[in-house]
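Asker: Provided herewith is a single structure, encoded as structure tokens, for subsequent inquiry.
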Amino acid sequence: MRNNRITIVGCGRTDSGDDAVGIRVGEALVRCALPDTRILLTEWPGVDLIADMEGVELFVLIDAARAVPGHPPGSWEKIDYRNFSGTLLTSHHESSHGWSIAETLELADRLGELPPRVWIYAIFGARFEFGAQPSEATIAVVPEVTAAIQHDVTQFLGIENGKLKMENVG
Amino acid sequence: MKTIDIDVKHVTRVEGHGNIVVNVKKGEITRLELQIVESPRFFESFLRGRHYREAPHITCRICGICSVGHTTASVKAMENAMGITPSEQTLLLRKLMLHAEQMQSHWLHVFFLAVPDFLGVGSVIPLANTHPEVVKRALRMKRLANDICCAIAGRHIHPIAMHVGGFTHIPKVEELVDLKRRLEECRADLGEMANLMASFEKPDFNRDTEYIALSDPNKKEYAFYDGKIASTKTDKTLDVDDYLTWIIEHVEPHSTSKHVKTPRSASFMVGALARYNLNHELLHPAAKDVAVKLGLNGGSTNSFDNNTAQIVETVHCVEDSIEVIDELLTRGMKLEPLVEPTRFGRGAGTAEVPRGILFHDYTVGEDGYITDSNLIIPTTQNMANIEADLRALVKQLLETDLSKEEITLKLEMLVRAYDPCISCSVHFLNVKFE
């Protein structure tokens, strides 16, 4: 099966507080019906995602990130992975259960499987305990992040004023 | 007379977190522990009071790797407790799912977690540079196994269509035809991987061990889905309902995982090597051929052979999956209603999951709600044996000229050979901005 030009992956666990936010945004994007776009929701952004990168021009990941100074709960950041000067912290390859997005992207890159463009939407949260509810601040930002991704993706596809430029659609 | 202190905090490339602590003074082991430092998870407690239909979907969350296995053992235990006989189509679909899980788990473990040891790299990440074809092949194979689970039960982990009494979804004919084609193509990939495994030199280590696995009393099938409990230390077999006669749990202070013994042995091993030792005559001929190529003999007491047995088992799973798909296509499939309970009571259920025999045991009240439960996972059963193996291996290695670092690596490799699944963890992104 041919992959679409764009794959969007909402990552996280719905039973672990703010970790659910990537899934929530992914669910909201499903309702947006973006053209030529495949949307996946996953609890385990592991090596299997590499197969979903094949032939894809733009790969979008949405995931919760631990809040840090300057990035409080409820804030978010778009990361252009190929031009990112910071660091996606890894689990040091300790465990396949602890395998992180960072390792999946690094492995894909080394195998030459990383799509030309990779965007990560990191949504900062503070509460990740098993059984916790997502925090209000993190959930409140879901519509904003959804709209931002919808905007960025439609721009990428060459859609203006809601109308698709057909020459850009593969 | 060596004096060595080894303290490996978090053995890498296993599922979950455990530590190895070894203290040797003047050639004598004064302390040896495989410390399991993760929190207990209390699934048995919070199953109580839940409806029987929820049990498979709750317990599959115990593990993201063995979620099909937990679902299988759970539905079997419930069906045993409630007098449900599933249809022949249901049994075939469950066997196919279980094969797929063996494949994806074994390939993940062998090629992503264990092979880096033999190729002298720290993890699969640098392996992508030194041996990209190995990683790409493993990814392709694992994807196939995932897609089988997805086609049958709706997603590749945590199956949503697999229930007590049957399935609420069946695969399309064209999906099965395509999966069969990919399984046939996978033979070439698996052959290349077996050639790679044949080039590795396994550590020379043997210790007399009791092996326990399911075994088909009719000697027709290599038992994954069903059978009686068998041991290499006795000709007797045990009905699944009586598992507590042989599987005796106890608590060790340094471990949040219980240890388990049998009436015959202070420890025993479950998993691919145990299944192989007990049932290798029932493997598919293609799997037997690979076993010969890899030098695996029935009766191995080298725990490092567990990885070899895992590869042999996946050859069997590929071939048997093709046969199961053929049977499903020949019979024709239809969506069947779930079989309803005929009584309520207590029942145990087992499945051979990637890491060994898994026990689920429930008591269900007349209202359909669970009043008691007991779950014993394979890694729990292996814990005492891993420690016993570590103790024997340390003694053996102390007689060599190996450095502390080399001894440590061998001990880690031994733990990894068991493919232990210590726990699951939450995934979130850690970002450091510069």
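Asker: Across chain B, where is the longest run that never hits chymotrypsin sites (Phe, Trp or Tyr not before Pro) in a DSSP loop with at most 14 other C-beta atoms within 10 Å?
Answerer: No qualifying site falls inside B:43-432, the longest such stretch.
Asker: Sticking with this structure for a sec: Size of the dipole of region B:178-334 about the Cα centre, Lys and Arg at +1 and Asp and Glu at -1 on the beta carbon, nothing else charged, in debye to 20? Walk me through the numbers before you get to the answer.
Answerer: Numbers: 19 positive and 27 negative charges, 43 e Å.
The dipole magnitude comes to about 200 debye.
Asker: Could I ask something else about it? Using a ≥ b ≥ c from the Cα gyration tensor of region B:171-256 (square roots of the eigenvalues), is it rounded, prolate or oblate, where a/c under 1.5 gives rounded and otherwise the larger of a/b and b/c decides, a/b for prolate? Before the final figure, lay out each step's value.
Answerer: Working: a/c = 2.18, a/b = 1.42, b/c = 1.53.
Here region B:171-256 falls in the oblate category.
Asker: Still on this structure, I have one more. Given H placed 1.01 Å from N in the peptide plane, which residues other than close sequence neighbours of residue B:265 have an amide H under 5 Å from its amide H?
Answerer: none
Asker: Here's another thing I want to ask about it. Pick out, from A:83, A:138, A:108, the residue whose Cα sits farthest towards the positive end of the charge dipole of region A:6-168, with +1 on the Cβ of Lys and Arg and -1 on the Cβ of Asp and Glu.
Answerer: Final value for the positive-end residue is A:138.
Asker: If you add up the charges near residue B:316, with Lys and Arg at +1 and Asp and Glu at -1, over every other residue whose beta carbon is less than 13 angstrom from its beta carbon, what do you get?
Answerer: -4
Asker: Right, something else. Within region B:25-181, how many Lys pairs sit with Cα atoms under 25 Å apart, leaving out pairs fewer than 8 places apart on the same chain?
Answerer: Lysine pair count for region B:25-181: 9.
Asker: Now a separate question. Name the helices (complete DSSP H segments) of chain B with a Cα length along the long axis of 18 Å or more and a Kyte-Doolittle mean of at least 0.0, or state none.
Answerer: B:132-153, B:404-417
Asker: Projecting each Cα onto the charge dipole of region A:6-168 (Lys/Arg +1, Asp/Glu -1 at the beta carbon, about the Cα centre), which of A:61, A:25, A:47 comes out farthest on the positive side?
Answerer: The one lying farthest along the dipole's positive direction is A:25.
Asker: With N set to the residue count of chain B, report its C-alpha Rg divided by 2.2 N^0.38 Å to two decimal places.
Answerer: 0.97
Asker: Roughly what would the spin-label model give for residue B:256 and residue A:40, points 7 Å off Cα along C-beta, in nm?
Answerer: The modelled label-to-label distance comes out at 3.0 nm.
Asker: Of B:299, B:161, B:127, whose Cα points farthest to the positive end of the dipole of chain B (charges on the beta-carbon: +1 Lys, Arg; -1 Asp, Glu; origin at the Cα centre)?
Answerer: B:127
Asker: A further question follows. For the protein assembly as shown, what does the helix formula give at 222 nm: sum of -39500 (n - 2.57) over DSSP H segments with n ≥ 4, over the residue count, nearest 500 deg cm²/dmol?
Answerer: Dividing the helical sum by the residues of the protein assembly as shown leaves -12000 deg cm²/dmol.
Asker: Using a cut-off of 12 Å between beta-carbons, work out the net charge of the residues near residue B:56 (Lys and Arg +1, Asp and Glu -1, residue B:56 not included). Before the final figure, lay out each step's value.
Answerer: Working: positive: B:50, B:53, B:61, B:76, B:94; negative: B:54, B:79.
Local net charge: +3.
Asker: Related question: Under a point-charge model restricted to the Cβ atoms of Lys and Arg (+1) and Asp and Glu (-1), what is the dipole moment magnitude of region B:43-386 relative to its Cα centre, in debye to the nearest 20?
Answerer: Numbers: 36 positive and 44 negative charges, 83 e Å.
Here the size comes out at about 400 debye.
Asker: Can you compute the FRET efficiency between residue B:326 and residue B:244 using 1/(1 + (r/R0)^6), with r the Cβ-Cβ distance and R0 = 41 Å? Round to the nearest 0.05.
Answerer: Details: r = 39 Å, r/R0 = 0.95.
Calculated value: 0.60.
Asker: Follow-up. How large is ³J(HN,Hα), in whole Hz, for each residue of region B:221-237 in order, when computed from phi with the Karplus curve 6.51 cos²θ - 1.76 cosθ + 1.60 and θ = phi - 60°, using x for Gly and Pro?
Answerer: Per-residue couplings from phi come out as 10, 6, 6, 10, 7, 8, x, 9, 7, 10, 9, 6, 9, 7, 7, 6, 10 Hz.
Asker: Could I ask something else about it? What are the ³J(HN,Hα) couplings of region B:238-243, residue after residue, when phi is run through the Karplus curve with 6.51, -1.76, 1.60 and θ = phi - 60°? Round to Hz, x for glycine and proline.
Answerer: 10, 5, 4, 4, 9, 4
Asker: Moving to a separate point now. Would region A:1-62 count as rounded, prolate or oblate if I go by the C-alpha gyration tensor, calling it rounded below 1.5 in a/c and otherwise prolate when a/b exceeds b/c, oblate otherwise?
Answerer: It is oblate, given that a/c is not under 1.5 and a/b is not larger than b/c.
Asker: Given charges of +1 on the Cβ of Lys and Arg and -1 on the Cβ of Asp and Glu, with all other atoms neutral, how large is the dipole of the protein assembly as shown about its Cα centre, in debye to the nearest 20?
Answerer: 140 debye
Asker: Check each of the trypsin sites (Lys or Arg not before Pro) in region A:4-56 and keep only those in coil by DSSP with at most 13 other C-beta atoms within 10 angstrom; list them in order.
Answerer: A:31
Asker: Near residue B:331, within a Cβ-to-Cβ distance under 13 Å, what is the net charge of the other residues, with Lys and Arg +1 and Asp and Glu -1?
Answerer: -4
Asker: Spelling out what I want: for every residue of region B:113-122, take phi, set θ = phi - 60°, compute 6.51 cos²θ - 1.76 cosθ + 1.60 (Karplus), and round to whole Hz; glycine and proline get x.
Answerer: 10, 8, 4, x, 4, 7, 9, x, 10, x
Asker: Loop-only check: which trypsin sites (Lys or Arg not before Pro) in region B:309-387 are DSSP coil with at most 13 other Cβ within 10 angstrom?
Answerer: B:334, B:343
No lab work stands behind these numbers, since they all come straight from the coordinates. Computed from a predicted structure; not experimentally measured. Glycine also receives a Cβ, built like all others from the backbone with ideal geometry; neighbour counts cover every protein chain displayed.
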